[in-house]
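The values are calculated or read from the model by the stated rules, or taken from the named source; none is laboratory data. Everything numeric in this text was worked out from a predicted model, so none of it was measured. Methodologically, a virtual Cβ is constructed for each residue, glycine included, from the backbone with ideal geometry; neighbour enumeration extends over all protein chains shown. All accessible areas refer to the heavy atoms of the entire protein, side chains included, with ligands and DNA or RNA removed. Shrake-Rupley method; radii C 1.70, N 1.55, O 1.52, S 1.80 Å.
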Amino acid sequence: QVQLVESGGGLVQPGGSLRLSCVVSGRIFMNYAAGWYRQAPGKQRDQRELVATVTWQGNTVYADSVKGRFTISRDNAENTIFLQMGSLKTEDTAVYFCNARKTDSWNALAGYWGQGTQVTVSS
C-alpha cells in the first residue's frame, strides 16, 4: 500500500507564498518520479493540470503558467516532495495533488495520488 499525504494549503493573498509538502510512504517504486497537479474549481479529474515534476535525480520541469514562480524539490531520504509557490495569483486557486509514479512519463493521469490540499488565492 502506497500513501501520499499532502499538507500546507490554505488561504493567501495575491502576491503571497505557500509551501506544500507531500509525504510518500509504503511500498513505493525505487527511484520514483514525482509531481504536482492542480484541479481548478469546476474542472473534472481528467482536466487536472500538471504543474511541476521532479525526477529521482532532481531534474525538474514546470508548466509555463508557473515557471519562475513555483519551485518543486524533494528529499529522498525523507520521501517528501515540496512545492514552493510564490507570487501567487487568483488563477492559482485549486486543489493541489501530489503524484508519484514509476517512470518520468507524464502524458496520462497515472500513478499514486494524495487526497489533495486546497489553495485559495484571494484578497
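Of note:
- Residues THR103 and LEU11, FRET efficiency given R0 of 35 Å [Cβ-Cβ distance, rounded to 0.05]: 0.45
- Once C-alpha pairs closer than 8 Å and six or more residues apart are averaged by separation and normalised to the residue number of region 44-102, the relative contact order reads 21 percent.
- With the cut-off at under 14 Å, measuring from each backbone N in region 11-27 to a point 7 Å along the Cα-to-Cβ line of GLN118 picks out 11-12.
- The P(r) of region 1-103 has a tail past 15 Å containing 60 percent of all C-alpha pairs.
- Neighbours of GLY114 by Cβ distance under 15 Å: Lys/Arg scored +1, Asp/Glu scored -1, total +4.
- Label-point separation in nm, ASN31 to ARG45, each point 7 Å along Cα→Cβ: 3.1
- Global form of region 81-123, assessed from the alpha-carbon gyration tensor, a/c cut-off 1.5: prolate
- Rounded percent of accessible protein surface that carbon and sulfur make up, region 28-123, 1.4 Å probe: 47
- For region 49-108, the orientation-averaged shadow of the C-alpha convex hull comes to 4.5 nm² (one quarter of the hull surface).
- Under Karplus coefficients 6.51, -1.76 and 1.60, residue-wise ³J(HN,Hα) of region 71-81 in Hz, glycine/proline x: 9, 9, 8, 8, 10, 5, 5, 9, 6, 10, 10
- The relative contact order of the chain, computed from alpha carbon pairs under 8 Å that lie at least 6 residues apart in sequence, is 37 percent.
- Think of a 1.4 Å ball rolled over the protein heavy atoms: region 66-123 then has 47 Å² of accessible area per residue.
- Rounded if a/c under 1.5, otherwise prolate or oblate - region 1-43, Cα gyration tensor axes: prolate
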